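Beneath this line is the structure, given in structure tokens, with notes to follow.
Nothing in this text is a laboratory measurement; each read-out follows from the coordinates by a stated rule. Bear in mind that the values here come from a model prediction, so they are computed numbers and not experimental data. With ideal geometry, Cβ positions are generated from the backbone for all residues, glycine too; neighbour counts draw on all protein chains shown.
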Amino acid sequence: MGNNNRELGNFLRKARSQVDPEQAGLPPDSRARRVPGLRREEVARLAGVSTDYYARLEQGRPIAPSRGVVDALCRALGLDEAGRTYLHTLVGVTAAPSRRQSRSVPRLRPGLRRLIDAFDGEPVLVLGRRSDVLAATRMAKALFTDFDQMPVRHRNYARWMFLSEEPRSLFVDWEDQARAAVESLRLEAGRDADDQATNDLIAELREKSTEFGHWWDKHRVHQRTHGSKRLHHALVGELTVEYETLTLPGDPDTTLFVYTAEPGSSSRQALDLLAMWSLTGTGTPRTGTAQERD
């Protein structure tokens with residue numbers, strides 16, 4: 001049984017456990033429910049497939065459902081856009097050769113590096129596969145941490161989020177940010193369940209962080225396209241930054257995260273102050289590489 005078949009079964013079980021039968025449009029049922037959410041036969045009925053067929057999907061059998069069946073399952077389970085994308089990916093990856101074969105350390109094109117340098121006054125992170133940090137502007141290093149000071153294999157956003165103490169004091173809403181990192185990593189893992197580097201990262205995080213393992217077992221997926229982060233920065237205090245993501249045409253494995261603050265706001269003033277410090281060194285800097293937990 002392939003990894004994607006197992007993940008498909010796990011994802012379907014978790015998804016149906018989170019569906020309210022009444023909200024799904026099912027008539028009242030006097031039978032006691034042994035588990036929360038929908039029963040297998042109810043998902044099958046809503047999706048228009050046989051109970052036996054759906055049961056075999058949850059069991060991770062090597063079945064290749066059609067796009068129509070997958071769409072029907074998405075509707076039956078009430079999946080959001082990220083969930084629908086993830087389910088389609090799980091089904092499609094098993095039938096197609098993986099496009100992710102390289103294990104080499106990714107390098108930015110010179111033109112992309114110059115583009116990043118043009119954002120000198122703003123925090124920008126460039127993330128690759130499995131949330132590896134490929135590049136960071138001067139301001140991103142000052143706002144978050146200096147990933148360049150870490151060993152290459154440690155330059156990973158999810159790894160930093162869970163295995164360093166620094167983010168826990170930096171992010172006011174650390175749990176929300178950490179959970180989003182888990183859900184993004186699961187979405188990434190679903191695109192190639194056999195990618196060894198991704199599986200090694202997941203195994204390490206599960207071993208060293210009970211919180212990561214707890215959220216990973218929720219089987220939730222999330223695609224970060226925009227949002228906000230609330231920080232308590234050691235140098236400039238409280239601030240909120242908004243981020244937008246930019247995926248490069250022809251290079252879907254590389255994503256730019258651009259962080260900004262509303263003009264004239266206290267958060268913008270905090271960023272400007274941080275920019276002055278990053279240029280002049282005035283003030284007491286934070287340590288760039290917090291001690292990682294065992």
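Summary table
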| quantity | calculated |
| --- | --- |
| Alpha-carbon Debye profile of the chain, log10 I(q)/I(0) at 0.08, 0.16 Å⁻¹ | -0.42, -1.26 |
| Unit charges at the beta carbon, dipole of the chain: most positive-side option, L79, M276, V236 | L79 |
| Gain on full stretching of the segment that runs from T280 to D117 - 0.36 nm per residue minus C-alpha separation | 56.9 nm |
| Segment R230-E207, length gained on full extension (0.36 nm per residue, minus Cα span) | 5.5 nm |
| Dipole magnitude of the stretch 3-93, debye to nearest 20 (Cβ charges: Lys/Arg +1, Asp/Glu -1, about Cα centre) | 300 |
| Qualifying lysines (Cα of each under 20 Å from Cα of K141; at least 8 residues distant if same chain) | K229 |
| For H233, distant residues with modelled amide H under 5 Å away | E238, L239 |
| Contour excess over end-to-end distance, with Cα ends at D173 and Q23 and 0.36 nm allotted per residue | 51.0 nm |
| Efficiency of FRET from Cβ geometry, E242 and R61, R₀ 35 Å, rounded to 0.05 | 0.20 |
